[in-house]
Amino acid sequence: MSPYLHRVILVVFGLGGLLAGCETVKTLQLAYRAETKKCDLSPTRDQIDTLPYSQLFVKIGDACGTLILGDVRGEDWYWYSSDKTVLVTRNGLVVKTIGFGVDRVNTVPLNGDLFRKKTRLWEEGNFSYIIDFTKHYGITVHAEFVVMGQETIEIVGKKFDTLHLTSEQRTSDKKWTFTDHYWVDVSSGFIWKSIQHTAPGLPAHEIQVLKVVGNPVNP
């Protein structure tokens, strides 16, 4: 058995009590994150499809792992790891993190829904939002989105026709500046791949959606 399936199955069996009686993936609070310093996971499409859960692959610096969609609260999707590390996404944007040392506690848009308003219309433009971190609150971030053009990307054997957008972002005091990237499905607006910065001092989160159970709606 591959390391990918072995580790995920260990989590599933370890949380077997939680699975009893669950009818949808929304009730499953389980996932796996690699407990190694270097990324050593290379899942195949067959391995991904074998698991009946929505899966998100994340690489942060030299570490990587697969998180499982464990809960949906309105537009917020909660992706869980076995050690209770959590990423929360809203329409493709990471809006909250738990267990990363420097965590994003909350994200509040100031001028509308980021991806529902911008990428679904393939528009360039400016966007601002407020972030609360673990020890710092009310940090305003300004973002400028630019359409780079259409790109065909491949995620573990599957190809997607996407629009590549970049976002130059900075805090009001200009102490934190960074560039995020998003690859958005040209047909559905679904964000299959992204590179996002969640907090100062942390490497970028390289995110790929491996599988979504049901119709793709921005996670």
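Residues of segment 146-161 being among the basic types (Lys, Arg) and modelled with pLDDT under 95, which ones?
Of everything in segment 146-161, just one residue is among the basic types (Lys, Arg) and modelled with pLDDT under 95, namely Lys158.
Within segment 138-159, track down each residue that is farther than 30 Å from Asp103 by Cα and hydroxyl-bearing (Ser, Thr, Tyr).
Correct list: Thr152 only.
Check Gly70, Gly74 and return the single one that is more than 12 Å from the chain's Cα centre (by Cα) and over 22 Å from Val108 (Cα atoms).
On the way: Gly74 fails: over 22 Å from Val108 (Cα atoms).
Among Gly70, Gly74, only Gly70 is more than 12 Å from the chain's Cα centre (by Cα) and over 22 Å from Val108 (Cα atoms).
Could you tell me which residue of segment 168-198 is farthest from Thr85 (Cα to Cα), considering only residues that are over 16 Å from the mean Cα position of the chain (by Cα) and small (Gly, Ala, Ser)?
Here the residue is Ser187.
Which one of these is surrounded by fewer than 20 Cβ atoms within 10 Å (Cβ to Cβ) and assigned to a loop (DSSP other than H, G, I, E, B): Asp161, Asp173?
Numbers: Asp161 fails: assigned to a loop (DSSP other than H, G, I, E, B).
Result: Asp173 is the single residue among Asp161, Asp173 that is surrounded by fewer than 20 Cβ atoms within 10 Å (Cβ to Cβ) and assigned to a loop (DSSP other than H, G, I, E, B).
Going through segment 180-215 one residue at a time, which ones are surrounded by 17 or more Cβ atoms within 10 Å (Cβ to Cβ) and in a loop (DSSP other than H, G, I, E, B)?
Answer for segment 180-215, where residues must be surrounded by 17 or more Cβ atoms within 10 Å (Cβ to Cβ) and in a loop (DSSP other than H, G, I, E, B): Gly189, Phe190, His197, Thr198, Ala199, Ala204, Val212.
Could you look through segment 99-125, keep only residues that are under 22 Å from Ala199 (Cβ atoms) and assigned to a strand (DSSP E or B), and pick out the one that is modelled with the lowest pLDDT?
Restricting to residues being under 22 Å from Ala199 (Cβ atoms) and assigned to a strand (DSSP E or B), the top hit is Pro109.
When only residues in segment 138-157 that are assigned to a strand (DSSP E or B), under 30 Å from Thr50 (Cβ atoms) and not hydroxyl-bearing (Ser, Thr, Tyr) count, which is nearest to the chain's Cα centre (by Cα)? Before you say what the answer is, go through the steps one by one.
Here is the first cut: in segment 138-157, the ones assigned to a strand (DSSP E or B) are 139-155.
In the following step, the residues that additionally are under 30 Å from Thr50 (Cβ atoms) were identified as 151-155.
Subsequent filtering for residues that are not hydroxyl-bearing (Ser, Thr, Tyr) retains 151, 153-155.
Values: Glu151: 20, Ile153: 17, Glu154: 17, Ile155: 14 Å.
That would be Ile155.
Report, by residue number, each residue of segment 88-98 that is touching a Ser or Thr at 6+ places or on another chain (Cβ under 8 Å) and either assigned to a strand (DSSP E or B) or at pLDDT 95 or above (or both). Steps first, answer last, please.
Keep residues of segment 88-98 that are touching a Ser or Thr at 6+ places or on another chain (Cβ under 8 Å), which gives 88, 90, 92-98.
Within segment 88-98, Val88, Arg90, Leu93, Val94, Val95, Lys96, Thr97, Ile98 qualify.
The values are calculated or read from the model by the stated rules, or taken from the named source; none is laboratory data. In this text, all values refer to a predicted model and were calculated from it rather than measured experimentally. No Cβ is skipped: glycine too gets one built from the backbone with ideal geometry, and neighbour counts run over all protein chains shown.
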